[in-house]
Amino acid sequence: MSVNGVPSIEPERLHALRDAGRRIDLIDVRTPAEYRGEHADLAVSVPLGALDPAKVAAARHGSDEDPIYVICRSGARGRKACEEFRNAGFENVVNVNGGTEAWNRAGLPMVRGKSVMSLERQVRIAAGALVFGGAALTVFVHPYWLALPAFVGAGLVFAGVTNTCGMGMLLAKMPWNNACAREVS
């Protein structure tokens, strides 16, 4: 199966391969905080912002002929990670269709830790706070503050059109999103 030109696999199929005795290299490219909150039981954390395809390939458990599987929350970051692998010359990468959300919905084994706020939710809160703050400053301080909500709105349109979120990338680098226990070394 392929989604947007990137090979993909259903979570149930990947789990069945593992149950059949196949060695599975599954990397979770979400933020360390998201990974700590919950992750597929066989995943290791390699945040998208710190992804080094050569390092991941060198640390793998399976053979070089076996694919490297990539999972995120819903699939978008996983596709980006697969593209990074391909750009680095590693063609045998497969995205887990639907990500951790689909893995969880399928009732497959999850490791659950401390509940954390998803990166998507953090972006919505930050964008809403900036728009609300800019509007309040426009009314109570000076009309030039209207530029702030306009800038945030333009950023959200850009994020939707390009599927790249600058605010999300910035928030992913924040300290509360960056401590992880089980990463590829």
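Just for the stretch 108-120: of the residues that are under 17 Å from the mean Cα position of the chain (by Cα) and outside any strand (DSSP E or B), which one is surrounded by the most Cβ atoms within 10 Å (Cβ to Cβ)?
L119
Out of D41, D52, which single residue is among the charged types (D, E, K, R) and over 25 Å from N163 (Cβ atoms)?
Details: D52 fails: over 25 Å from N163 (Cβ atoms).
Testing whether each residue is among the charged types (D, E, K, R) and over 25 Å from N163 (Cβ atoms) leaves just D41.
Which condition breaks for R105 when tested against (1) surrounded by fewer than 16 Cβ atoms within 10 Å (Cβ to Cβ); (2) over 30 Å from E12 (Cβ atoms)?
(2)
Return a yes/no flag: does the stretch 147-159 have any residue that is touching a Phe, Trp or Tyr at 6+ places or on another chain (Cβ under 9 Å), farther than 24 Å from D41 by Cβ and at pLDDT below 95. Quick ask: steps written out before the conclusion?
Taking the stretch 147-159 first, the residues touching a Phe, Trp or Tyr at 6+ places or on another chain (Cβ under 9 Å) are 149.
Keeping just the survivors that are farther than 24 Å from D41 by Cβ gives 149.
Now drop any that are not at pLDDT below 95, which leaves none.
Scanning the stretch 147-159, I find no residue that is touching a Phe, Trp or Tyr at 6+ places or on another chain (Cβ under 9 Å), farther than 24 Å from D41 by Cβ and at pLDDT below 95, so the answer is no.
Any chance the stretch 83-92 includes a residue that's touching a helix residue (DSSP H, G or I) at 6+ places or on another chain (Cβ under 9 Å), in a loop (DSSP other than H, G, I, E, B) and farther than 18 Å from G5 by Cβ?
No: zero hits.
Only one of these is outside any loop (DSSP other than H, G, I, E, B), in contact with a Cys (Cβ under 7 Å, 6 or more places away or on another chain), of a type in the set (A, V, I, L, M) and over 30 Å from E65 (Cα atoms): V123, V157, V131, V139. Name it.
Answer to the selection: V123.
Within the stretch 2-66, considering only helices (runs of 4 or more DSSP H) that don't extend past its boundaries, which have at least 3 residues that are surrounded by fewer than 17 Cβ atoms within 10 Å (Cβ to Cβ) and at pLDDT 95 or above?
Numbers: elements: 11-19, 32-37, 53-58.
Passing ranges, in order: 11-19.
The values are calculated or read from the model by the stated rules, or taken from the named source; none is laboratory data. Being a predicted model, the structure only gives us computed values, none of them experimental. Note that we place each Cβ from the backbone using ideal geometry, even for glycine, and neighbour counts take in every protein chain shown.
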